[in-house]
1. Could you list log10 I(q)/I(0) for region 81-168 at q = 0.13, 0.14, 0.20, 0.23 Å⁻¹, which the Debye formula gives when each Cα is one point scatterer?
2. Return the lysines within reach of Lys52: Cα separation strictly under 24 angstrom, same-chain partners fewer than 8 residues apart disregarded; answer none if there are no such residues.
3. Taking 0.36 nm per residue of separation and subtracting the Cα-Cα distance, what length does fully extending Lys34 through Asp123 add?
4. Rounded to the nearest 10 Å², what accessible area does His119 show when all protein chains are kept and the probe is 1.4 Å?
5. Please give the FRET efficiency for Tyr145 paired with Thr58, using the beta carbon to beta carbon distance and R0 = 22 Å, rounded to the nearest 0.05.
6. Could you work out how far apart the two model spin labels at Met9 and Asn105 are, taking each label as a point 7 Å from the Cα in the direction of the beta carbon, and quote it in nm?
7. Under 20 °C and 1.002 mPa s, how fast does region 110-156 diffuse according to Stokes-Einstein, given a Kirkwood radius computed over C-alpha pairs? Answer in µm²/s, whole number.
8. Per-residue HN-Hα couplings for region 28-34, Karplus 6.51 cos²θ - 1.76 cosθ + 1.60 at θ = phi - 60°, whole Hz, x for Gly and Pro?
Amino acid sequence: PASIIGCAMEAAILGLSFGGILGQAYAVPYYDSKSKGWKAQFQAGYRGYISKMIDNVTTYAASASEIRENDKYDYDTGEGWVRHKPALANRGEVIGAWAKAVHNNGIQTVVVIGIEEIHLARDASSSYSNASKGGYAEKTPWGKYFGAMAMKTAIHRLAKLVPMSSSL
């Protein structure tokens with residue numbers, strides 16, 4: 001219970017909504033081998049990252065999406081643009097993801113990642129790795145919501161390039 005309260009306090013300090021439908025911050029369970037029990041660890045959600053990108057004085061919009069096999073897309077990260085037209089049916093498997101921030105001066109920051117980078121991020125996740133070893137990887141967020149997790153990964157990469165609100 002104390003670790004959950006700590007997560008809620010950390011979310012409040014950062015100005016993020018904790019749990020619920022906004023998805024800005026979460027309490028993620030992990031096993032603490034020292035205390036031999038489960039504890040909650042604070043984790044900002046991708047919507048929390050977007051919120052904090054927009055809260056700064058230089059960025060006014062942020063967006064992201066997964067890219068699937070039958071979608072039409074083009075991008076230029078150097079010039080800072082992405083065009084993405086999702087197929088209306090039979091989109092196919094996830095092959096990438098993108099995230100974009102639009103700044104007040106008209107400049108756009110774009111991150112596009114391919115499936116190999118997404119798999120590397122997934123495999124680096126300790127919860128997914130442990131679940132894979134235990135045979136229940138399909139029950140993790142990576143197993144249930146691969147497209148959303150791919151998009152989250154692109155947003156996290158974008159967050160490294162974009163000014164953020166000082167609270168995060």
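1. At q = 0.13, 0.14, 0.20, 0.23 Å⁻¹ the computed log10 ratios are -0.53, -0.60, -1.00, -1.15.
2. The qualifying lysines are Lys100, Lys152, Lys160.
3. Working: separation 89, 0.36 × 89 = 32.04 nm, distance 2.48 nm.
Length difference between fully extended and current span is 29.6 nm.
4. 70
5. For R0 = 22 Å, the calculated efficiency reads 0.10.
6. For Met9 paired with Asn105, the spin-label model returns 4.0 nm.
7. Translational D for this selection: 198 µm²/s.
8. Computed from phi, the couplings for region 28-34 are 9, x, 8, 8, 9, 5, 5 Hz.
The values are calculated or read from the model by the stated rules, or taken from the named source; none is laboratory data. Predicted, not measured: the structure shown is a model, and the values here were computed from it. Positions of Cβ are backbone-derived with ideal geometry, glycine not excepted, and every protein chain shown enters the neighbour counts. The accessibility values were calculated without ligands, DNA or RNA, using every heavy atom of the protein model including side chains. Shrake-Rupley method; radii C 1.70, N 1.55, O 1.52, S 1.80 Å.
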